[in-house]
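Visitor: My questions all concern the structure below.
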Amino acid sequence: MTKNIKKINWLKKKQRIKNSLSNKRNLHRLVVFRSNSHIYGQVINDLDNKTIVSSSSNDKDVKKEISKCDSKVSQSIVVGKRIGEKLNEKNITDIIFDRNGYNYHGRVKALAEAVREMKIKF
């Protein structure tokens, strides 16, 4: 029973955060999902409901760099830099960061800072 309550509370928190992001400037949204072993990031256009750019620690093009990493935080940095590179290729410089209900700490923070290093503004 407690797992269901935790999941319901997390989903409510996730929806609350998504609604609080004021998307009046029609910016794309970077959503982060974190599992026990992998991290995923995708940039979504909310007007068209389409994914523009995505990357994860599970992708084939990042696997060689991920295999050299010794921690999950360093894997998040690699994924964040890859997302930043893809955004620069598409000439997207301003986005909104959606932490998806997770605390801004550890792997989520590392991914966000790696994207910022690629000159993407939140």
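The values are calculated or read from the model by the stated rules, or taken from the named source; none is laboratory data. Treat the numbers as computed from the prediction; the structure is a model and nothing was measured. Note: ideal-geometry Cβ built from the backbone for every residue, glycine included; neighbour counts use all protein chains shown. What goes into the accessible areas is simple: the full protein's heavy atoms, side chains included, and nothing from ligands, DNA or RNA. Shrake-Rupley method; radii C 1.70, N 1.55, O 1.52, S 1.80 Å.
Visitor: If V73 satisfies all but one of (1) open to solvent by less than 90 Å² (accessible area, probe 1.4 Å); (2) closer than 14 Å to F122 by Cα, what's the number of the condition it fails?
Guide: (2)
Visitor: While we're looking at this one, here's another question. Show the residue pairs that are 6+ apart or on different chains and have beta-carbon atoms under 7 Å apart, the first residue being within region 33-56 and touching a residue at least 60 places away in the same chain (Cβ under 8 Å), the second being in a strand (DSSP E or B) and open to solvent by 60 Å² or more (accessible area, probe 1.4 Å).
Guide: Sorted first by the residue in region 33-56, then by its partner, the pairs are F33/Y40.
Visitor: Is there a residue in region 41-52 that is open to solvent by 70 Å² or more (accessible area, probe 1.4 Å), charged (D, E, K, R) and within 20 Å of A112 (Cβ to Cβ)?
Guide: No, there is no match, as no residue in region 41-52 is open to solvent by 70 Å² or more (accessible area, probe 1.4 Å), charged (D, E, K, R) and within 20 Å of A112 (Cβ to Cβ).
Visitor: Please work out which residue is surrounded by the most Cβ atoms within 10 Å (Cβ to Cβ), limiting yourself to region 90-115 and to residues that are over 16 Å from N45 (Cα atoms) and free of Cβ contacts under 8 Å to residues at least 24 places away in the same chain.
Guide: K109
Visitor: Would you check if there is a residue in region 1-21 being modelled with pLDDT of 85 or more, open to solvent by less than 50 Å² (accessible area, probe 1.4 Å), part of a helix (DSSP H, G or I) and farther than 18 Å from D98 by Cβ?
Guide: no
Visitor: In region 57-70, which residue that is touching a residue at least 12 places away in the same chain (Cβ under 8 Å) and open to solvent by less than 90 Å² (accessible area, probe 1.4 Å) is nearest to R99 (Cα to Cα)?
Guide: Per the criteria, the residue is S57.
Visitor: With the condition kept exactly as written, say whether any residue in region 105-116 is farther than 23 Å from K14 by Cβ, of a type in the set (D, E, K, R) and out of contact with any Phe, Trp or Tyr (no Cβ under 8 Å at 6 or more places or on another chain).
Guide: no
Visitor: Take H38 and tell me if it is modelled with pLDDT of 90 or more, of a type outside the set (A, V, I, L, M) and closer than 15 Å to K121 by Cα.
Guide: When the stated conditions are applied, H38 does not pass them.
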